[in-house]
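Notes for the one structure printed next.
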Amino acid sequence: MRKYYLLGIFTGILSLFIYSCSSNNNEEYVEPSPVTVDLTQVPYAKLSDYHFFKAPMSAMVPEKDVHIYEPISQLFTDYAHKKRFVWLPPGTKATYNGDGSVLELPVGAAIIKNFYYDELQPTNTRKIIETRIMIRKSNGWIFAEYVWNDEQTEAFFDLNGSNRTITFTENGIQKTANYRIPNEAQCVTCHKLRDPNTNIYSNSPIGIKPQNINFNYNYGAETKNQLAKWKEWGILESNAPISDPATAMVDYKDVSKPLEQRVRSYFDINCAHCHSEKGHCYYRPMRMSFDETNNNLTNMGVCVPTADLQDFPPALIRIVSPNNINRSMLYYRLNTENESFMMPLHGRSIIHEEGVDLVKQWIESLQPCN
């Protein structure tokens, strides 16, 4: 009898202990995120080592506290589709430094970008080609490139660069590209940021400018402004302003938007990271960011003479010659697959036909030079 009495007391105490732990401060148990970004160990050998995605990893379903985002205007990469995610260490937030400047992410943050095709031939199925990660360490951003295996079960660290000949269907049209997986030097070319005072370079993200994510995104359960959602998630400082979305960039594919806004948005995401005061092509006269091209045709090269033709056709007398694509250096470089002449320098092996057509429409809409 005494045995059962003591057992009852023990059971009661245990129940009280469990209850007090589960109901302390009326807080429910919160499952921790499985994400692991150890700054002393990254980049890891395998993509799965980070635990960014639920199994199967190829479904690209994010784990807890890994947040999806999407820019309004998107970088062209041989028609690859992309899914982008961001992860911040618990308790940290991004800092707002202006609509035209990338959000400053804290040390330990990671930006994850998956490149894939939905109708890769001959199987006509989805295939992920690569996952690019940028991780912010205490001394700056590093690159981690992961190449997926054919089984789509894992991606392995590889910063040596390589090419894949791929055939895919996009909007009902079959295309073939010599898809380039970048090496580290090519990553640096697009992501480097020059200090004009010291001429010292550091690395920086590109696509997370507030003006390029300031729009309503469909999260499935709701549609909400992305900047407001970042605040709700607790990964953007609460006092960061959300500007009128009408002043933000536009989707350059949206033909309902003004032509000038579309082409400025196209230039911002595809060209501005190099053609800026701090970018790789700072010595060129173009300044292509969205906020620097507002009512400023000169920054887009309009009527600006070409300084050095080198091996280019002599007819290309200006960077942009109004109403004349055949005399416009910018159009020529966008409309070629010759690596010696093409722009952008990296990121494509085939012509972005819709982008070239947009630039053509814009050039043909311009007034003659004075």
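The values are calculated or read from the model by the stated rules, or taken from the named source; none is laboratory data. These figures come from a predicted structure and were not determined experimentally. Virtual Cβ from ideal backbone geometry, glycine too; neighbours counted across all protein chains shown. These accessible areas exclude ligands, DNA and RNA; they are computed on the full protein's heavy atoms, side chains included. Shrake-Rupley method; radii C 1.70, N 1.55, O 1.52, S 1.80 Å.
Things worth noting here:
- Area of residue 259 that stays accessible when all protein chains are in place (1.4 Å probe, Å², to 10): 50
- Taking amide H as placed 1.01 Å from N in the peptide plane, residue 318 has its amide H under 5 Å from the amide H of 306, 329, each at least 5 places away in sequence or on another chain.
- Applying a DSSP loop filter and a limit of 16 other Cβ atoms within 10 Å to the trypsin sites (Lys or Arg not before Pro) in segment 257-319 leaves 278.
- Summed residue charge, Cβ within 12 Å of residue 92's Cβ, Lys/Arg positive, Asp/Glu negative: -1
- If you run the Gaussian network model on the chain, springs between alpha carbon atoms under 10 Å, then out of 90, 122, 182 the most flexible one is 122.
- Summing Lys and Arg as +1 and Asp and Glu as -1 over all other residues whose Cβ lies under 12 Å from the Cβ of residue 179 gives a net charge of +3.
- Distance between modelled label sites at residue 153 and residue 199, nm, 7 Å Cα→Cβ extension: 5.2
- Helical contribution to [θ] at 222 nm, DSSP H n ≥ 4, -39,500 (n - 2.57), averaged over the chain, rounded to 500: -6000 deg cm²/dmol
- Rolled with a 1.4 Å probe across the full set of protein chains, the surface gives residue 83 an accessible area near 60 Å².
- Segment 230-278: equivalent-ellipsoid semi-axes (sqrt of 5 x gyration tensor eigenvalues, Cα, Å): 25, 17, 9
- Share of pairwise Cα separations in the chain, more than 30 Å, in percent: 46
- For segment 268-359, applying the loop criterion from DSSP together with a ceiling of 14 other beta carbons within 10 Å to the GluC sites (Glu not before Pro) yields 277, 337, 339.
- The candidates 198, 131, arranged from most to least accessible area with a 1.4 Å probe in the full protein assembly, appear as 198, 131.
- Loop-located chymotrypsin sites (Phe, Trp or Tyr not before Pro) in segment 296-370, at most 16 other Cβ atoms within 10 Å (DSSP): 341
- Model label sites at residue 169 and residue 340, defined 7 Å from Cα along the beta-carbon direction, differ in position by 3.8 nm.
- Cβ-defined net charge surrounding residue 217, 9 Å radius [Lys, Arg +1; Asp, Glu -1]: +1
- Candidates 125, 40, 293, ranked by Gaussian network fluctuation over the chain, Cα under 10 Å, top entry: 40
- Given 46/209; 46/82; 231/278; 113/278; 64/278; 82/231, the pairs whose alpha carbons are separated by over 26 Å: 46/209; 231/278; 64/278
- For segment 25-123: rounded, prolate or oblate by the Cα gyration tensor [a/c cutoff 1.5]: oblate
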